[in-house]
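Structure record follows, encoded as structure tokens.
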Amino acid sequence: MKIAIASTLALLISSAISPAVHADTRSTAADQQLAHNVRVAFAHSGVGTSHVFVFARSGQVTLIGWVPERQQVALAEQSANAVDGVTSVNNLLARGH
């Protein structure tokens, strides 16, 4: 499971790092702000985020990592969906050991 999460994380990070020529700074800033807003929503709802990565792109949010309790997987998805600007959530979170 940890290998799958690490592989997915590496793929997302590598696809997020693109040459500046192709980057639209307005959408990049908006995506970063949306990811930040999702992390703030997690904090307000009690989701443990020390091992959670949030990626946003054009309203689509991907959650990767693990949370300490099984209930927090669903809570994280609900919290992310409630954030203005989020159009979909791909929840790849797992409950940690």
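We did not get these values from a lab; they are worked out from the coordinates using the rules stated. Please read all numbers here as calculations on a predicted model, not as lab measurements. FYI the Cβ positions are ideal-geometry reconstructions off the backbone, even for glycines, and counts take in every protein chain you see.
Some points to look at:
- Members of the stretch 60-97 that are among the small types (Gly, Ala, Ser), out of contact with any strand residue (DSSP E or B) (no Cβ under 7 Å at 6 or more places or on another chain) and either assigned to a loop (DSSP other than H, G, I, E, B) or on the phi > 0 side of the Ramachandran plot (or both): ALA82, GLY85
- Residues of the stretch 79-96 satisfying the condition of being closer than 18 Å to SER58 by Cβ and of a type outside the set (A, V, I, L, M, F, W, C): ASN81, ASP84, GLY85, THR87, SER88, ASN90, ASN91
- Residues of the stretch 66-82 satisfying the condition of being within 12 Å of LEU93 (Cα to Cα) and either crowded, with 18+ Cβ neighbours inside 10 Å or not small (Gly, Ala, Ser) (or both): TRP66, VAL67, PRO68, GLU69, ARG70, GLN71, GLN72, VAL73, LEU75, ALA76, GLU77
- Complete set of residues in the stretch 58-87 that are touching a residue at least 40 places away in the same chain (Cβ under 8 Å) and closer than 12 Å to ALA35 by Cβ: THR62, ILE64, ALA80, VAL83, GLY85, VAL86
- Filtered by the rule that a residue be of a type in the set (Val, Ile, Thr) and buried (at least 18 other Cβ atoms within 10 Å of the Cβ), the stretch 32-48 gives VAL38, VAL47.
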